[in-house]
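I have placed the structure first, in the form of structure tokens, so that the comments after it can refer back to it.
The values are calculated or read from the model by the stated rules, or taken from the named source; none is laboratory data. Keep in mind the model is a prediction, meaning the values are calculated, not measured. All Cβ positions, glycine included, derive from the backbone under ideal geometry; neighbour counts span all protein chains shown. SASA here: full protein model, heavy atoms, side chains in, ligands and nucleic acids out. Shrake-Rupley method; radii C 1.70, N 1.55, O 1.52, S 1.80 Å.
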Amino acid sequence: MRLVLERRAERSKLMTWLSPLLAVGLTLVTGAVIFSLMGLDPARALYVYFLEPVLWWWSLEELVVKAAPLVLIGVGLAVCFRANVWNIGAEGQLTMGALFGSALPILWHEFQSFPVMVLMLALGALGGALYAAIPAFLRTRFGTNEILTSLMLVYVAQLIADWFIRGPWRDPAGFNFPKSVQFEGWQLLPTLGDGRIHLGAGLALVAVAVLYVVMSRTLKGFEVRVVGTAPRAGTFAGFSSKRMVWFCLLLSGGLAGLAGICEVAGPSGHLQPAISPGYGFTAIIVAFLGRLNPVGVLVAGVMLGISYLGGEAAQIDLGISDKTAQVFQGILLFFILACDTLILYRIRLLRPHTA
Amino acid sequence: MTGLEAVILTIITASTPLLLAAIGELVVERSGVLNLGVEGMMVVGAVCGFATAYTTGSPYLGVLAGVLAGMGMALLFGFLTQSLATNQVASGLALTLLGLGLSGVIGESFTGLPGVKLQPLDIPVLSDIPFLGPILFGQDVLVYTSFALVFAVSYTMSRTRTGLVIRAVGDNHHSAHALGYNVIAVRYGCILFGGACAGLAGAYLSLAYTPQWVENMTSGRGWIALALVVFATWIARRVLIGAYLFGAVWIMGLYAQALGIGIPSQVLSSFPYLITILVLVLISRNRTLTKINTPACIGQTFVPDR
């Protein structure tokens, strides 16, 4: 038996929508197989992993908290990947955003009135965008591949954050723990009621709405799609690919930075070495699962959020490592990519010719 | 042991994993495939190598397990990018994300356990020569393997028919296909070789460099290996120079830390990453140098028409 790809005459509309569902389905089946290999009841394990997180109000709240940064970063990356700009350093931009935004409450702790929040968010976005400007500059000025530079900068950002948190920004009254002072008043993001859902979720929704309009209704969105799918045609149309690199990296970096400061000023309330559980990398999967489409990213962000919660729940209820969540996320991305082949190709299995 | 001797010995251990991973990726890229999953294959190789060596007590079985694990991961990548024609950049990222997660799960029960160290070969008589002896003849088998691989790859790529076919496939897959070469099969072979090398590099980390398992212990070495291939402009012997340059930088950071120079440890730890960026910039500035040697079809998918 041989597997052969046969190009379709045009992109399959049906498969464009079916492929992510298929990928999720296949991931669940693979999950069931893995769970039963681990000696667990697959039905119960899948229930704990993927259903329980959406059955209770408190866990739904937690889901929104987890999905917000994923969506914020994911929509930015979706635009990037559309334009064939490979920013994979969102985790570093998130860290920088968190650092920039935290500068105000840490260095000027008495400033607790409303403007501080606006300034913090602005600084967060600025930090992320500035950090993403480094690979953008290197790519446009010297032609250096942005994949490797943006990724290397993740490690550097985490080391810078580590230095600040263990060094000058450590809480003097914090018993030597590596964390900053607790934020107060408007230094913390407002929450929905007394719950955990914070302003970051609202910002994520705004980002999705704005980018949806930009991508589908404006010239800029058209430019992104043309430069991404047919760079030569883009050049003839007068679209500058350098400008596109800048636009994509600043946009996605800014959004990642915003997600970073929202994490610090939202759920955690202080700066600490572990700012995010790898949201910047998971957002890559979110962008692909969401079809590189802002609205799709919203749905995908929620689904990947479930996998984080499921990982935590599985650790408590089933006694398995919460790192299985990361494995599921990786498997999911594989299946998405594999299923996307069906959009452009038909798959045929051929028997070997005997002649 | 003199100070200089110790420095050289540690530089060798720091450079070997980079060299192993980079020489494998070089062959992959020469065949026109960009596998960004080096970090993932390496970390799975590291954990499988450690786990096998710990359970069986034999570091050599550990090395074998690391190689097989790396190849297994590479096969996954090969199936996706070659048989299903998926985007190579995205598939490579997927491989790295999966590898980091998988190694975390496999390695959880092995964290903090004492490892099995791959012992140096200590070639008799020769390794007793002062200074040069331990450096040249007192290494473990993987260090020698890494050098052998550089020469083998260098020779194969420039002097043999196999190398010519690999380069043809990487430079123009349509022509190679028209000439009757099985582009997909050649690329599968190269991808598997790259996986084996990355697995070997991972096994070296967890069996020789620091014989233990620490989560994410590759700490970006897979990505640096990718940068090394660009630095070497896809020429095998330059990978050797690059790997040792980076190994030296890595070790200098550690020594400076130990000496307690008034620089924060974080600054020193960030050196390898910053130097990688610097080197990439310097190389990519020279457009002609990169243009001449870059495999023309790198990263492009190929679907043979029937």
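At-a-glance table
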quantity: Chain A shape via C-alpha gyration tensor axes, a/c threshold 1.5; calculated: oblate
quantity: Listed residues B:ASP122, B:ASP128, A:ASP340, B:ASP140 arranged by accessible area, highest first, probe 1.4 Å; calculated: B:ASP128, B:ASP122, A:ASP340, B:ASP140
quantity: Chain A, dipole about Cα centre (Lys/Arg Cβ +1, Asp/Glu Cβ -1), debye to the nearest 20; calculated: 1840 debye
quantity: Simple label model, 7 Å out from Cα along Cβ direction - A:ARG232 to B:ALA178, nm; calculated: 1.6 nm
quantity: Computed [θ] at 222 nm, deg cm²/dmol, the protein assembly as shown (DSSP H ≥ 4; -39,500 (n - 2.57); rounded to nearest 500); calculated: -22500 deg cm²/dmol
quantity: Other protein chain Cβ atoms within 10 Å, averaged over every residue that makes up B:81-92; calculated: 5
quantity: Rounded percent of accessible protein surface that carbon and sulfur make up, the stretch A:149-297, 1.4 Å probe; calculated: 67 percent
quantity: When the convex hull of its Cα atoms is projected in every direction, mean area for the stretch B:151-306 (nm²); calculated: 11.5 nm²
quantity: Computed lengthening from A:GLN112 to A:PHE142, 0.36 nm per intervening residue step minus Cα-Cα distance; calculated: 6.5 nm
quantity: For chain A, Cys with no neighbouring Cys Cβ under 4.7 Å; calculated: A:CYS262, A:CYS339
quantity: Qualifying aspartates and glutamates (Cα of each under 13 Å from Cα of A:LYS323; at least 8 residues distant if same chain); calculated: A:GLU312, B:GLU108, B:GLU215
quantity: Chymotrypsin sites (Phe, Trp or Tyr not before Pro) restricted to the stretch B:123-165 and DSSP loop, no more than 10 other C-beta within 10 Å; calculated: none
quantity: DSSP-assigned coil residues among chymotrypsin sites (Phe, Trp or Tyr not before Pro) in the stretch A:285-343, each with at most 15 further Cβ atoms within 10 Å; calculated: none
quantity: Chain B: relative contact order as a whole-number percent, Cα under 8 Å and 6+ apart; calculated: 36 percent
quantity: With every protein chain in place, chain B: carbon and sulfur % of accessible area (1.4 Å); calculated: 69 percent
quantity: Low-density loop positions, trypsin sites (Lys or Arg not before Pro), the stretch A:5-93 - DSSP coil, at most 15 other Cβ in 10 Å; calculated: A:ARG8, A:ARG11
quantity: Distribution of pairwise C-alpha distances over the protein assembly as shown, 20 Å bins, in %; calculated: 18, 53, 27, 2, 0
quantity: Inter-chain Cβ neighbour average for residues A:126-139, partner chain, 10 Å; calculated: 1
quantity: Pairwise burial B:A, computed as accessible area of each alone minus the pair, summed, 1.4 Å, Å²; calculated: 3900 Å²
quantity: Rg over Rh, two decimals, the stretch B:3-293 (C-alpha only, Kirkwood Rh); calculated: 0.98
quantity: Computed E for B:SER58/B:GLU215 - FRET, C-beta separation, R0 25 angstrom, nearest 0.05; calculated: 0.55
